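Below is one structure, written out as structure tokens; comments come after it.
We did not get these values from a lab; they are worked out from the coordinates using the rules stated. Quantities reported herein were computed from a predicted structural model and do not represent experimental measurements. Quick reminder, even Gly has a Cβ in these numbers, built from the backbone with ideal geometry, and neighbours come from all protein chains shown.
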């Protein structure tokens, strides 16, 4: 767990790997669309910031960008295929 009580995306993915078999394609599409707030087919730091704002949370764009980059092999955006 990172500073401030946040879990790193890589830790989340590792914990979720066993659950992947339980997700349907529909579940994955819904999950992706939840985070793709501007509906451009990519999840970006701006999208994650919007999700945080909806939940009444604040996060710095720089931190969100780092989360995406760390979780996606250095890429700055997450595609559906990456998701």
Exercise for the section: Arrange the following residues from fewest to most other Cβ atoms within 10 Å of their Cβ: 61, 44. Expected result: 61, 44
Practice task
Please tell me the relative contact order of the range 23-79 in percent, rounded to the nearest whole number, where contacts are Cα pairs under 8 Å and at least six residues apart.
Solution key: 29
Completion exercise
From fewest to most C-beta neighbours within 10 Å, the residues 68, 7, 43 line up as 7, 68, 43
Practice task
Quick one: compute a quarter of the convex hull surface over the Cα atoms of the chain and quote it in nm².
Solution key: 5.6
